[in-house]
Amino acid sequence: MLRVRPIHYLSTALLSVLTSCGSASLTTRPELSETDRSDAIKTLNEAIRPAVGAKITTSTEIDWFTGVLPWDRFTLPLISPNGLHAAVQLGTTPSMHSLCCTNNLPIDSTAIELHILDPIQGRRISPLHIGMEGLILSQTANDQVALVEFPNGEFGRSIGQIEWATGNITWLVENEQVNAFPTMNGEGDLAWSQKSLSKNRFYLAIKNARGLRRIDDGESDWVLPKFLGNDKLRVFKINSGKLSLVELDLRARDPLLTAISLPIVEEGATRNLAWQVATTNQNAYWHSTHAFYHPIFHRMVVWNPNQAEEVVMLVHGSIAATPAIDESWLVATDNRIVRQKLGDEEGIRLRNNFAIPIATTSKQWTHLLLIPDGNRLQVRALNLDD
């Protein structure tokens, strides 16, 4: 039987690369009027429309400067699908007990900033500091909002959205339950893990225009869901020490009857392990598939449930991956970025150093690269449509 190593999963590999490049975290508190910020966003949005499909001619490199983000050396920024916005979580990183919801005590160590990225001219625009502390950045955003969690002890854990343009917070799920790991699709449907304070097992909650539904088999711990397109949901299931990735068709009356399962770990699985496997890179929910770090094979893999080769391994030693055009993948190892087609052993090398790739919906900057630089992350844009 294949067994996962008890320590040193993906986060160890990824963080060892990241932390070797930085020191203490940096928090800024800029002065910026809402009018200035709105004008900057409007200018960028207007610049995109007539330039769709245009090639960048200001740089001879395959990628070009887009911005700089402060960084706590642990939490990756949350990027909007269009690549124009980034939310960063600063301050002391919450414990894994808080991140995995084994502890729901309030925290006061985090602060969130909203940044505007400028892939057109690379201008630096002052960020917007969110006044409310104790928020945890999620893994999901759209072009209007970023999702956050707010642990609040015996009063439950809430899910909110922060508007990119204003920084205003709206609470989407607010009750005495523990509501965690929110994800959203292109139609604004919301899915998350939910449990009572007295239980140690999550079930799934789905909220859309038709109402609220619950998905539960009565025994498993359902955590860290991710939308694939608008109708499919992938979620990690922990049951009797086993960790599986499950795909559900939300169009069905009972999505559990459509469940397709991929076993990942046969024994010793924990929510901590699921969190590390699931948070390797931001999910491109508008794509029909996604990659995750496999703790047995020690690399990123792509799961295609309906194809003959169900699990396709990406480059050896890969620690992050995001989809590109022509069913290829942008794959990161600790010393290079490659573009790899499924089935190939290697790929075309694009960079000779480490970066985290993130897919966007833009035709001008199809991807962004996050590159550690001290206590900051350099952001560079990349166009693979050329």
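Among what's in segment 333-346 and is without any contact (Cβ under 8 Å) to a residue 40 or more places away in the chain and either touching a strand residue (DSSP E or B) at 6+ places or on another chain (Cβ under 8 Å) or aliphatic (A, V, I, L, M) (or both), pick the residue that is farthest from VAL312 (Cα to Cα).
If we take residues in segment 333-346 being without any contact (Cβ under 8 Å) to a residue 40 or more places away in the chain and either touching a strand residue (DSSP E or B) at 6+ places or on another chain (Cβ under 8 Å) or aliphatic (A, V, I, L, M) (or both), then ARG336 is farthest from VAL312 (Cα to Cα).
Can you run down the residue pairs with Cβ atoms below 8 Å, 6 or more apart or on separate chains, where the first is in segment 200-218 and touching a residue at least 12 places away in the same chain (Cβ under 8 Å) and the partner is aliphatic (A, V, I, L, M) and not in a strand (DSSP E or B)?
Listed by first residue and then by second, the contacts come to ILE206/LEU250; ILE215/LEU256; ASP217/LEU256.
Yes or no: GLY186 at pLDDT below 95, within 21 Å of TRP286 (Cα to Cα) and surrounded by fewer than 17 Cβ atoms within 10 Å (Cβ to Cβ)?
Taking the combined requirement at face value, the residue satisfies it.
Can you name the residue in segment 245-261 that is assigned to a strand (DSSP E or B) and out of contact with any Pro (no Cβ under 7 Å at 6 or more places or on another chain) and is also farthest from ASN281 (Cα to Cα) among such residues?
Within segment 245-261, the match that is farthest from ASN281 (Cα to Cα) is SER261.
So which residues in segment 150-178 are surrounded by fewer than 19 Cβ atoms within 10 Å (Cβ to Cβ) and touching an Asp or Glu at 6+ places or on another chain (Cβ under 7 Å), if there are any at all?
Once the filter is applied, which keeps residues that are surrounded by fewer than 19 Cβ atoms within 10 Å (Cβ to Cβ) and touching an Asp or Glu at 6+ places or on another chain (Cβ under 7 Å), segment 150-178 yields PHE155, THR166.
Among the residues of segment 229-244, which ones are in a strand (DSSP E or B), touching a Lys or Arg at 6+ places or on another chain (Cβ under 6 Å) and not hydroxyl-bearing (Ser, Thr, Tyr)?
Correct list: ARG234 only.
Can you name every residue in segment 201-228 that is at pLDDT 95 or above and not in a strand (DSSP E or B)?
If the condition is that a residue be at pLDDT 95 or above and not in a strand (DSSP E or B), then ARG201, PHE202, ASP216, ASP217, GLY218, GLU219, SER220 are the ones that fit.
Just to be sure before I move on: is LEU84 closer than 23 Å to GLY156 by Cα and at pLDDT 95 or above in the structure I sent?
Criteria not met by LEU84.
With the checklist (1) charged (D, E, K, R); (2) exposed (fewer than 15 other Cβ atoms within 10 Å of the Cβ); (3) under 22 Å from THR366 (Cβ atoms) in hand, flag the one item ASP118 doesn't pass.
(2)
Yes or no: LEU228 farther than 22 Å from CYS100 by Cα, touching a Ser or Thr at 6+ places or on another chain (Cβ under 6 Å) and in contact (Cβ under 8 Å) with a residue 24 or more places away in the chain?
It is true that LEU228 is farther than 22 Å from CYS100 by Cα, touching a Ser or Thr at 6+ places or on another chain (Cβ under 6 Å) and in contact (Cβ under 8 Å) with a residue 24 or more places away in the chain.
Being of a type in the set (Ser, Thr, Tyr) and under 24 Å from ALA278 (Cα atoms) is the filter here; which residues of segment 75-128 pass it?
Residues satisfying the conditions are THR75, SER80, THR92, THR93, SER95, SER98, THR102, SER109, THR110.
Does segment 70-100 hold any residues that are buried (at least 23 other Cβ atoms within 10 Å of the Cβ), more than 14 Å from ILE130 (Cβ to Cβ) and among the hydrophobic types (A, V, I, L, M, F, W, C), and which are they?
TRP71, LEU76, ILE79, LEU84, listed by residue number.
On the basis of being surrounded by fewer than 23 Cβ atoms within 10 Å (Cβ to Cβ), of a type in the set (Phe, Trp, Tyr) and part of a helix (DSSP H, G or I), does TRP275 make the cut?
Criteria met by TRP275.
Sort out which residues of segment 205-248 are acidic (Asp, Glu) and in contact with a strand residue (DSSP E or B) (Cβ under 6 Å, 6 or more places away or on another chain), and write them in order of number.
Result: ASP216, ASP221, GLU247.
Conditions: (1) touching a Phe, Trp or Tyr at 6+ places or on another chain (Cβ under 6 Å); (2) buried (at least 20 other Cβ atoms within 10 Å of the Cβ). ASP334 meets all but one. Number of the miss?
(2)
The values are calculated or read from the model by the stated rules, or taken from the named source; none is laboratory data. Keep in mind it's a predicted model, so treat the numbers as computed, not measured. Please note: Cβ atoms are built from the backbone with ideal geometry, for glycine as well, and neighbour counts cover all protein chains shown.
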